[in-house]
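The structure appears below as structure tokens.
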Amino acid sequence: QVQLVESGGGLVQAGGSLRLSCACSGTIFSINAMAWYRQAPGKQRELVAAITSGGSTNYVDSVKGRFTISRDNAKNTVYMQMNSLKPEDTAVYYCYAQVLRSDYWGQGTQVTVSS
């Protein structure tokens, strides 16, 4: 069984920074893509940033230049550095990992940005 455990969410003022972490544990042979999604109240879950096992990244337009996704393959951990946070970044952020063609999700961590 694979588990994803997120940390790093919280309350921050607009313009501030947070760093999210997600550790993947369990029976892991190979992790393909890892990503961060978010879901704001009343909205659909959206992909924020993704990173392949080789380190290629992609971002939703609204966070380009402000968020940076990275991963440590030795630790099976994905990170997301979030700078210049805006109130519209407020959401529950979910970690995602693809392991051997199966999809796994974290429990979510709340990020709240006050104006």
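Please treat every number below as a calculation from the coordinates, not as lab data. Note that the coordinates shown come from a computational prediction; the quantities given were computed from them, not determined experimentally. Don't worry about glycine lacking a Cβ; one is built from the backbone with ideal geometry, like all the others, and counts go over all protein chains shown.
A few comments on the model shown:
- Mean-square fluctuations from a GNM of the chain, with a 10 angstrom spring cutoff on Cα atoms, peak among Arg101, Arg71, Arg38 at Arg101.
- 10 Å binning of all Cα-Cα separations within the chain, expressed as whole percents from 0 upward: 15, 50, 29, 6, 0
- Whole-Hz ³J(HN,Hα) from phi, Karplus 6.51 cos²θ - 1.76 cosθ + 1.60, for the range 35-50, glycine and proline x: 7, 10, 10, 9, 9, 8, x, x, 10, 6, 5, 10, 6, 9, 7, 9
- When cysteine pairs in the chain are screened for C-beta atoms closer than 4.7 angstrom, the residues that find no partner are Cys24.
- Just so you know, the Cα atoms of the range 58-115 work out to an Rg and Dmax of 13.0, 42 Å.
- GNM result for the chain, Cα springs below 10 Å: residue of Thr77, Thr57, Thr27 fluctuating most strongly: Thr27
- Residues of the range 72-98 with amide N under 18 Å of the 7 Å Cα→Cβ point at Leu11: 85-93
- The local environment of Gln39, defined by Cβ-Cβ distances under 10 Å, has a net charge of +2 under the rule Lys, Arg +1 and Asp, Glu -1.
- The chain: antiparallel DSSP beta bridges as a percent of all, rounded to 5: 90
- Among Ala91, Ala23, Ala74, residue whose mean-square fluctuation peaks in a GNM of the chain (springs only between Cα atoms under 10 Å): Ala74
- Across the range 102-115, coupling constants 3J(HN,Hα) worked out from phi with the 6.51/-1.76/1.60 Karplus curve, θ = phi - 60°, read 9, 9, 10, 10, x, 7, x, 9, 7, 10, 10, 10, 8, 8 Hz, and Gly and Pro carry x.
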